[in-house]
Amino acid sequence: MKVIVAGAGSVGVAIASDLTAKGYDVVLMEQDQATAERLSSTPELTLFLGDACEVASLQSAGVGQADVVVAATGDDEDNLVISLLAKQEFAVPRVVARVNNSKNQWLFNESWGVDVSVSTPQQLTALVEEAVSVGSIVRLLAFERGAANLIEVTLADDSPALSAPVADLEFPREATIVAIVRDHRLIVPKGDTLLAVGDEVLVLVTEEAEEVVQRILIGPR
């Protein structure tokens, strides 16, 4: 699999290094010559000096043959331009974009060529919420351009789902419990699995079905 990573900052270098170590064919693009020269002594990295916001540079770097493009610069505008060019000009199957400012998250969607957006601030916020929230929905991950979310609910002692078999919860077709964490153990739920106070219930759900899931696991709000 060929991967192009645009942006040789700390994030881009870390991504390129990890993917290279796992056997992927990775090209790391960087427009700053000094940065590229500094990294040229790292033998495991394949560097390309060029501006990833320009079609000619992307073409020279081999984006036309890429399976995945990762827009990992420290500038959201650049990441949007890179994503759009990768998708529209080169029809890259998978475009992953870094969101530096969480206020710009709403821009990173399919209209800009983004298949998956990654916002470190939002992920950290979700981890904090997951650690302290009981009886509320915490969104952990978004899939398929936000059409589906992985959410987590820690069941409070007044949850209407307590002591009910999973099969009897009447979840909508657009939602499914994928895992339960109980006493630091992972449980793969079955139809007869009973839910208990303190269970961390992980649900894959569409946005439209979240309200129904909330009523089932949390109760009316």
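Readers should treat all values here as calculations from the given coordinates under stated rules, not as data from a laboratory. All figures in this text were calculated on a predicted structure; none of them were measured in a lab. Positions of Cβ are generated from backbone atoms using ideal geometry, with glycine treated the same way; all protein chains shown enter the neighbour counts.
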| task | List every residue whose amide H lies under 5 Å from the amide H of Ser117, counting only residues 5 or more places away in sequence or on a different chain, with H placed 1.01 Å from N in the peptide plane. | result | Ala97
| At Asp67 and Arg38, where each label point lies 7 Å from the Cα along Cα→Cβ, what is the point-to-point distance in nanometres? | 3.2 nm
| task | Please tell me the relative contact order of the range 133-217 in percent, rounded to the nearest whole number, where contacts are Cα pairs under 8 Å and at least six residues apart. | result | 37 percent
| field | 0 to 90° range, to nearest 10: angle between helix 120-132 axis and the chain longest Cα axis | value | 20 degrees
| Under a point spin-label approximation (7 Å from Cα along Cα-to-Cβ), what is the Val188-Arg215 distance to one decimal in nm? | 3.2 nm
| message | Could you tell me the relative contact order of the chain? Use alpha-carbon pairs under 8 Å, at least six residues apart, and round to a whole percent. | response | 13 percent
| task | Consider the candidate values (i) 22.2, 68; (ii) 21.0, 62; (iii) 20.1, 59; state which one is Rg and Dmax of the Cα atoms in Å computed from the structure displayed. | result | (ii)
